[in-house]
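Please read the structure below before turning to the comments.
The values are calculated or read from the model by the stated rules, or taken from the named source; none is laboratory data. If you're wondering where the values come from, they're calculated on a predicted model, not measured in any experiment. Reconstructed Cβ throughout: ideal geometry from the backbone, glycine too, with neighbour counts over all protein chains shown.
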Amino acid sequence: METKVWKVDPQFPDPKAISEAAEIIRQGGLIAFPTETVYGLGANALDENAVLKIFAAKERPPWDPLIVHICDLTMLEHLVDEPPENFHKLAELFMPGPLTVVMWKKANVPDTVTAGLPTVAVRMPNHNVALALIKASGVPIAAPSANKFGRPSPTTAEHVMYDLAGRIDGILDAGPTQVGVESTVLDLTKIPPVILRPGGVSKEALEKVLGEVLVATKPLEVETGLPSPGMMPRHYAPSVPVILTDGNPSELTAAIEILKSQGYDPKQIGVLMPSGWLTGVEGIVTFDWGSWGNWDELAQKLFDGIRWLEVQKISVIVAPLPPPIGLGLAIRDRLTKAAAPKDEFSSGGEKSNHKCQGKTR
């Protein structure tokens, strides 16, 4: 199929473009659209046939659930029976925003959306284009990231086209996203609540509202479906190996020297380079990642940097790991999963015998 692209203003999207895209959603088609986090691939969340098209386009396994996007809290009536009391405190502070909440679902939510589980993940995106599309469609929209499964997430329409051109009906192109990493997924069916995927709302911010909040760390089995997207040991991965170092210039330099000693030409080595680091290193391919310690900036540029390096015909990407604080926790999560060996799980969830080159930590 031909993938139509509408260029829209992120603040004041063209009503005609929104109307055309919304009609495709109502007719059971697929539209990629920007949120404040990454671009999502949307379909009518209450139309099982439409949702199945998402899985086909992304080559996504059925055990990985989808997040349902709403434009106002009244849409929850279609999705959950009774939101828990602490949900309303969170909604007041973080909706719209980069927070997804897992709650008990209504029976009319297709099992294909929830990987067969009795829970549904819901969020309200903080982006005028996304909210306008959901409102004009008149239905909640199921939307994972608009990329092939397991790949680095898309933060521009160009990233979406690279992965999904010809597989989806259209893209609402409103330029780069602002947060750059996906939403935090918080399970409110557990006491205390559990962060299933760190993201755009920090653990520290959630604890100010809820008290104790745990972070899921153990990789989960897939036989019964995952409770949240982004929980596989290997995910967000480019086509070349990723090697991680401690977050300081000397460790980054050491990793580059080790690669050179292993026979890598400097032109084969790509680096997510914090601004001002390793200015004397010659020949390597660098992406100016931003100021170390400015986790908002590094999160916003993370996937763009990985994708840019990937197309420079390099053989390996090296990146320093931020500390697990604030948005640094989400960046660390994405990089760790991008660096996981392919033999843990391939992009389709099947076991693979291929080993990544180089060391990961």
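Name every residue in segment 60-83 that is part of a loop (DSSP other than H, G, I, E, B) and surrounded by fewer than 18 Cβ atoms within 10 Å (Cβ to Cβ), in order of residue number.
Residues of segment 60-83 that are part of a loop (DSSP other than H, G, I, E, B), as a first pass: 60-66, 70-72, 79, 81-83.
Correct list: Pro62, Trp63, Asp72, Asp81, Glu82.
Starting from residues that are within 24 Å of Ser153 (Cα to Cα) and of a type in the set (S, T, N, Q), keep the ones in segment 238-260 and report whichever is surrounded by the most Cβ atoms within 10 Å (Cβ to Cβ). If you could, list the steps in order and put the result at the bottom.
The first filter runs over segment 238-260 and keeps only residues within 24 Å of Ser153 (Cα to Cα), leaving 238-247.
Next, from what is left, pick out any that are of a type in the set (S, T, N, Q): 239, 245.
Details: Ser239: 8, Thr245: 21.
Among residues in segment 238-260 that are within 24 Å of Ser153 (Cα to Cα) and of a type in the set (S, T, N, Q), the one surrounded by the most Cβ atoms within 10 Å (Cβ to Cβ) is Thr245.
I need a count of the residues in segment 329-339 that are under 15 Å from the mean Cα position of the chain (by Cα) and either within 17 Å of Val201 (Cβ to Cβ) or part of a loop (DSSP other than H, G, I, E, B) (or both).
Looking only at segment 329-339, we keep the residues that are under 15 Å from the mean Cα position of the chain (by Cα), and these are 329-338.
Going one step further and asking which of them are either within 17 Å of Val201 (Cβ to Cβ) or part of a loop (DSSP other than H, G, I, E, B) (or both), we end up with 329-334.
Looking only at that region, the number is 6.
Please go through segment 10-60 and pick out each residue that is within 18 Å of Gly175 (Cβ to Cβ) and either modelled with pLDDT under 95 or charged (D, E, K, R) (or both).
If the condition is that a residue be within 18 Å of Gly175 (Cβ to Cβ) and either modelled with pLDDT under 95 or charged (D, E, K, R) (or both), then Asp14, Glu36 are the ones that fit.
Filter segment 43-57 for residues that are closer than 15 Å to Asp163 by Cβ and either aliphatic (A, V, I, L, M) or buried (at least 24 other Cβ atoms within 10 Å of the Cβ) (or both) and give the result.
Ile54, Ala56, Ala57, listed by residue number.
Could you go through segment 242-260 and let me know if any residue there is under 30 Å from Thr112 (Cβ atoms) and outside any strand (DSSP E or B).
Checking segment 242-260: not a single residue is under 30 Å from Thr112 (Cβ atoms) and outside any strand (DSSP E or B).
For segment 91-132, which positions are under 30 Å from Ala17 (Cα atoms) and aromatic (Phe, Trp, Tyr)?
Scanning segment 91-132 gives a single hit, Phe94.
Take the residues in segment 110-123 that are of a type in the set (A, V, I, L, M, F, W, C) and buried (at least 23 other Cβ atoms within 10 Å of the Cβ); name whichever of them is farthest from Val8 (Cα to Cα).
Val120
Can you find a residue that is within 22 Å of Pro198 (Cβ to Cβ) and over 20 Å from the mean Cα position of the chain (by Cα) anywhere in segment 296-319?
Restricting attention to segment 296-319, the residues satisfying the condition of being within 22 Å of Pro198 (Cβ to Cβ) are 296-307, 317, 319.
Adding the requirement that they be over 20 Å from the mean Cα position of the chain (by Cα) leaves none.
There is no residue in segment 296-319 that is within 22 Å of Pro198 (Cβ to Cβ) and over 20 Å from the mean Cα position of the chain (by Cα).
Being at pLDDT 95 or above, under 15 Å from Tyr39 (Cα atoms), of a type in the set (Gly, Ala, Ser) and not in a loop (DSSP other than H, G, I, E, B) narrows it down to one of Ala91, Ala121, Ala130, Ala136, so name that one. Before you say what the answer is, go through the steps one by one.
Details: Ala91 fails: under 15 Å from Tyr39 (Cα atoms); Ala121 fails: under 15 Å from Tyr39 (Cα atoms); Ala136 fails: under 15 Å from Tyr39 (Cα atoms).
When all the criteria are applied, what remains is Ala130.
Under 7 Å between Cβ atoms, which residue pairs at least 6 apart in sequence (or on different chains) link something in segment 122-137 that is within 21 Å of Asp47 (Cα to Cα) and in contact (Cβ under 8 Å) with a residue 40 or more places away in the chain with a partner that is surrounded by fewer than 20 Cβ atoms within 10 Å (Cβ to Cβ) and polar (S, T, N, Q)?
Close Cβ pairs (under 7 Å, with a partner that is surrounded by fewer than 20 Cβ atoms within 10 Å (Cβ to Cβ) and polar (S, T, N, Q)) amount to Ala136/Ser19.
Could you run through segment 261-288 and say how many residues are in contact (Cβ under 8 Å) with a residue 24 or more places away in the chain, outside any loop (DSSP other than H, G, I, E, B) and surrounded by 20 or more Cβ atoms within 10 Å (Cβ to Cβ)? Talk me through it step by step, then tell me what you get.
Filtering segment 261-288 for residues in contact (Cβ under 8 Å) with a residue 24 or more places away in the chain gives 262, 264, 267-272, 274, 277-278, 281, 284-285.
The next check asks that each one be outside any loop (DSSP other than H, G, I, E, B); those that pass are 267-272, 274, 285.
Cutting the leftovers down to surrounded by 20 or more Cβ atoms within 10 Å (Cβ to Cβ) gives us 269-272, 274.
Number of matching residues: 5.
Within segment 98-107, can one find any residue that is touching a helix residue (DSSP H, G or I) at 6+ places or on another chain (Cβ under 8 Å), of a type in the set (Lys, Arg) and surrounded by 20 or more Cβ atoms within 10 Å (Cβ to Cβ)? I'd like the intermediate steps shown before the answer.
Going residue by residue through segment 98-107, those that are touching a helix residue (DSSP H, G or I) at 6+ places or on another chain (Cβ under 8 Å) are 99, 101, 103, 105-106.
Applying the additional criterion that residues be of a type in the set (Lys, Arg) yields 105-106.
Then keep just the ones that are surrounded by 20 or more Cβ atoms within 10 Å (Cβ to Cβ); that gives 105.
Checking segment 98-107: at least one residue is touching a helix residue (DSSP H, G or I) at 6+ places or on another chain (Cβ under 8 Å), of a type in the set (Lys, Arg) and surrounded by 20 or more Cβ atoms within 10 Å (Cβ to Cβ).
In the list Leu335, Leu302, which residue meets the criterion of being in contact (Cβ under 8 Å) with a residue 12 or more places away in the chain, surrounded by 21 or more Cβ atoms within 10 Å (Cβ to Cβ) and under 18 Å from Glu158 (Cα atoms)? First the steps, then the outcome.
Numbers: Leu335 fails: under 18 Å from Glu158 (Cα atoms).
Being in contact (Cβ under 8 Å) with a residue 12 or more places away in the chain, surrounded by 21 or more Cβ atoms within 10 Å (Cβ to Cβ) and under 18 Å from Glu158 (Cα atoms) holds for just one of Leu335, Leu302, which is Leu302.
Restricting to segment 177-213, name every residue that is in a helix (DSSP H, G or I), within 29 Å of Thr156 (Cβ to Cβ) and not charged (D, E, K, R).
Hits for segment 177-213 are Ala205, Leu206.
Step by step: first the residues of segment 139-155, then only those that are small (Gly, Ala, Ser) and assigned to a strand (DSSP E or B), then the one that is nearest to Leu52 (Cα to Cα). Which residue is that? Reasoning before the result, please.
In the first step, residues of segment 139-155 are kept if they are small (Gly, Ala, Ser); the result is 142-143, 145-146, 150, 153.
Now narrow it down to the ones that are assigned to a strand (DSSP E or B): 142, 145.
Details: Ala142: 11, Ser145: 15 Å.
Checking each candidate, the answer is Ala142.
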